[in-house]
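The values are calculated or read from the model by the stated rules, or taken from the named source; none is laboratory data. As the structure is a computational prediction, the values presented were derived from the model and not from experiment. Cβ: placed from backbone, ideal geometry, glycine included. Neighbour counts: every protein chain shown.
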Amino acid sequence: MSLERNMRCVYARAYVRILGANRELSWVFFDTFLPLLGVAAFVYIYKATTQDPEVLNTLLTRVILGGSMAAFWMNVLWGMGANFYYEKENGNLELFLMAPTSRMALLLGMAIGGLFNTTFRAISTVLLGSVIFGVSFALTSPLQLLAVFFLTLLALYGLGILFASLFLMYGREAWHISNLLQEPIFLLSGFYFPVRFLGFYVVTIASFIPLTLGLDAMNQILGGRYALEWGLLPVGTEIGILAILSILFVLMAKYALAYMEERGRREGSLVLKFQ
Amino acid sequence: MPMREFWTFRHAAWLGWQTESNWTDPLLFATYSVIRPITTTLMVVLMYWFVGSKETSLFELMFLGNTLYMYIFNVPFGISYVIMEDREHYKVLKYLYISPANIYVYLMGRGVSKFVITTVAVAITLAFGVLFLGVHIALGTINPLFLAASFVLGLTGLIAFGTIMAGISLLVARHNFYIGESLAGIFYLFCGVVFPISVLPWWGEALGKVIPITYWLEATRRSLLGFGDPTLAQLTDMEVFGILAFSTLLLLALSVVLFRAYNHVARARGVIDMTTWY
């Protein structure tokens, strides 16, 4: 398959997603203010229980970062993982599979489109959250922050493509798995509290979720001295692990997609609806 | 309840249960149903533990509020989601409308499965809290009548919220999730689910005090823990119950009127069978 054709596929899929998400202005409002409700509740928990202003600022930094990165996790679960489920139900999946392009190109387009929209939601959560709740960030290294952010997203969307492959075989089971992976991952990855608190064994397992190390590193870079004290590993080490996870998940996603598609073709699950 | 409404309710409850649970075996379904709510509660528990909050009462207040929030999220959202599911996914809503079923009763019936599943999750989470997290349920001081009456009122209020949202869902395209998430977020933030409402700014506290759910949480906390939100301490148990009863009846009446109106408009506009999930 030619590179040009695949790039056209990436562009086409991303274009639809970006245009689709922005055709309704009220969605922009909801996307901006909805995450703030959840973030605000967690902010007030810490405000009700923490006296030291510096500790409070570090914890609120964590909450705001967690709230903004939650948007990416939701996008990976529902916009990437479960997307093949919706396409199958709507009758589009067979059309996608007939097209002479790589599945990875298709999913890359979805990822880019999803990233574009989700980044808006995440940035607005960070900006509005920090202004409304008076949180100040102590940025120590912009370069490291960028590296952590992009590697986390690369690994995360690799994981998203891996999830998507499940939907080529399964229907409601996989939908429920996506549903199940929301809050437990918020807990395991320490979205709203320093993940180190979970203990060595749990954190070791949780580190396979890119958001665990990504959030921890971002918090260390932005959260001041308490964030460094509560950090899991040195930021450089976390960047290295995230790079490995990125390669690992993208490779696994490629093989899982090919395998699941082949199984789906043999067992006839690619066009099964309402299963 | 007339016979036809009874059968509608019964079949809707059965259908709801099948839709929720028949995608897997019962054991896996049971595990699935409790993992998510328990982890949500654990997350807030860990936040409290991390900051080393020494106030046991605040922790228990939060724990019970967060556990009961499962009803607040699942029941209304579950009822309103039925419209989107039946209209857009399974495309059967139009057939329900031409059957003898009463749609309002049908929606309430579909909410039963959500209620049953949530009740199991709440019971397990409460047991987990009592056994492992040191939450003290004051068994000796529980007033069962007060608890049962406020529970029925609270649940009625949640069903009423659900049917109002379902009515709105009949008219909107693709906004159903946003409406559900917004209301759930507003209730979580302003009803004192995980902190006393006095922590909020004055306007937030005032908003919390006009939402019936705040009083349902308060009545249940007083019943099970023996104390409630310090912000509402000046109210007697009977006053809390009275406000809850009055606001719930008002909400129920409003839900019947609003649903009837939304239903009429939806039929007049011809949007009962619209599909917008593309």
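Checked against the criterion of being within 30 Å of B:Ser198 (Cβ to Cβ), in a helix (DSSP H, G or I) and of a type in the set (Gly, Ala, Ser), the candidates B:Ala121, B:Ala30 yield just one match: B:Ala121.
Within segment A:17-35, residues that are over 19 Å from A:Thr125 (Cβ atoms) have Cβ atoms under 7 Å from residues that are aliphatic (A, V, I, L, M) in these pairs: A:Arg17/A:Met110, counting only partners at least 6 apart in sequence or on another chain. For segment B:12-23, filtered to residues that are exposed (fewer than 15 other Cβ atoms within 10 Å of the Cβ) and farther than 11 Å from B:Gly111 by Cα, the residue that is modelled with the highest pLDDT is B:Gln18. All conditions in (1) surrounded by fewer than 14 Cβ atoms within 10 Å (Cβ to Cβ); (2) in contact with a helix residue (DSSP H, G or I) (Cβ under 9 Å, 6 or more places away or on another chain); (3) in a helix (DSSP H, G or I); (4) not polar (S, T, N, Q) hold for B:Gly52, with the sole exception of (3). Suppose the filter is under 23 Å from the mean Cα position of the chain (by Cα) and either within 26 Å of A:Gly214 (Cα to Cα) or not in a helix (DSSP H, G or I) (or both); does A:Phe29 pass it? Against the criterion (under 23 Å from the mean Cα position of the chain (by Cα) and either within 26 Å of A:Gly214 (Cα to Cα) or not in a helix (DSSP H, G or I) (or both)), A:Phe29 does not qualify. Screening A:Gly129 with (1) buried (at least 20 other Cβ atoms within 10 Å of the Cβ); (2) more than 10 Å from chain B (Cβ to nearest Cβ); (3) closer than 30 Å to B:Val34 by Cβ; (4) not hydroxyl-bearing (Ser, Thr, Tyr) gives one miss only, at (3).
When A:Gly236, A:Gly268, A:Gly264 are checked against the criterion of being more than 14 Å from chain B (Cβ to nearest Cβ) and on the phi > 0 side of the Ramachandran plot, a single residue qualifies: A:Gly268.
Pick out the one residue from B:Thr119, B:Thr163 that is out of contact with any Phe, Trp or Tyr (no Cβ under 7 Å at 6 or more places or on another chain) and within 22 Å of B:Asn74 (Cα to Cα).
Numbers: B:Thr163 fails: out of contact with any Phe, Trp or Tyr (no Cβ under 7 Å at 6 or more places or on another chain).
Going through B:Thr119, B:Thr163 in turn, just one is out of contact with any Phe, Trp or Tyr (no Cβ under 7 Å at 6 or more places or on another chain) and within 22 Å of B:Asn74 (Cα to Cα): B:Thr119.
Looking for something among the hydrophobic types (A, V, I, L, M, F, W, C) and crowded, with 20+ Cβ neighbours inside 10 Å - is there at least one such residue anywhere in segment B:125-132? No; the residues of segment B:125-132 include none that is among the hydrophobic types (A, V, I, L, M, F, W, C) and crowded, with 20+ Cβ neighbours inside 10 Å. Only one entry of B:Ala253, B:Ala266 meets the criterion of being assigned to a helix (DSSP H, G or I) and surrounded by fewer than 13 Cβ atoms within 10 Å (Cβ to Cβ), and that entry is B:Ala253.
If we scan segment A:90-98, do we find a residue that is within 14 Å of chain B (Cβ to nearest Cβ), surrounded by fewer than 16 Cβ atoms within 10 Å (Cβ to Cβ), touching a helix residue (DSSP H, G or I) at 6+ places or on another chain (Cβ under 9 Å) and of a type in the set (S, T, N, Q)? Yes, segment A:90-98 has at least one match.
Taking the numbered list (1) over 30 Å from A:Pro194 (Cβ atoms); (2) within 13 Å of chain B (Cβ to nearest Cβ) in turn, A:Met7 passes all entries but (2). When you scan segment B:222-239, do you find a residue that is surrounded by 21 or more Cβ atoms within 10 Å (Cβ to Cβ) and among the aromatic types (Phe, Trp, Tyr), even just one? Within segment B:222-239, none of the residues are surrounded by 21 or more Cβ atoms within 10 Å (Cβ to Cβ) and among the aromatic types (Phe, Trp, Tyr).
Is it the case, given these coordinates, that B:Trp14 is free of Cβ contacts under 8 Å to residues at least 12 places away in the same chain and within 14 Å of chain A (Cβ to nearest Cβ)? When the stated conditions are applied, B:Trp14 does not pass them. The single residue among B:Ile35, B:Ile79, B:Ile98 that is free of Cβ contacts under 8 Å to residues at least 60 places away in the same chain and within 30 Å of A:Phe191 (Cα to Cα) turns out to be B:Ile35. One residue is enough: does segment A:222-230 have a residue meeting the conditions surrounded by fewer than 21 Cβ atoms within 10 Å (Cβ to Cβ), more than 13 Å from chain B (Cβ to nearest Cβ) and on the phi > 0 side of the Ramachandran plot? Yes.
Just one of the listed residues (B:Ser182, B:Ser150) is assigned to a helix (DSSP H, G or I), at pLDDT below 90 and either within 14 Å of chain A (Cβ to nearest Cβ) or crowded, with 24+ Cβ neighbours inside 10 Å (or both), namely B:Ser182.
One residue alone among A:Val76, A:Val43, A:Val55 is within 12 Å of chain B (Cβ to nearest Cβ), crowded, with 23+ Cβ neighbours inside 10 Å and under 26 Å from A:Gly214 (Cα atoms), and that residue is A:Val43. Only one of the listed residues (A:Val203, A:Val195) is farther than 30 Å from A:Leu93 by Cβ, over 15 Å from the mean Cα position of the chain (by Cα) and either within 11 Å of chain B (Cβ to nearest Cβ) or charged (D, E, K, R) (or both). That residue is A:Val195.
Might you let me know whether segment B:263-270 holds any residue that is more than 26 Å from A:Phe133 (Cα to Cα), among the basic types (Lys, Arg) and within 14 Å of chain A (Cβ to nearest Cβ)? Scanning segment B:263-270, I find no residue that is more than 26 Å from A:Phe133 (Cα to Cα), among the basic types (Lys, Arg) and within 14 Å of chain A (Cβ to nearest Cβ), so the answer is no. If you go through segment B:17-32 and keep only what is touching a residue at least 24 places away in the same chain (Cβ under 8 Å) and out of contact with any Phe, Trp or Tyr (no Cβ under 6 Å at 6 or more places or on another chain), you end up with B:Trp17, B:Thr19, B:Glu20, B:Ala30. When B:Val45, B:Val51, B:Val92 are checked against the criterion of being at pLDDT below 85 and within 12 Å of chain A (Cβ to nearest Cβ), a single residue qualifies: B:Val51. Residues of segment B:186-211 that are under 14 Å from B:Asn66 (Cβ atoms) and either facing chain A (nearest Cβ under 9 Å) or part of a helix (DSSP H, G or I) (or both): B:Phe187, B:Tyr188, B:Leu189, B:Val193, B:Val194, B:Phe195, B:Pro196.
Residues in segment A:123-143 that are assigned to a helix (DSSP H, G or I) and without any contact (Cβ under 8 Å) to a residue 60 or more places away in the chain were compared, and the one that is nearest to A:Phe30 (Cα to Cα) is A:Ile123.
Out of the residues in segment A:239-251 that are in contact with a Ser or Thr (Cβ under 9 Å, 6 or more places away or on another chain) and in contact (Cβ under 8 Å) with a residue 60 or more places away in the chain, state the one that is nearest to A:Ala155 (Cα to Cα).
A:Ser246
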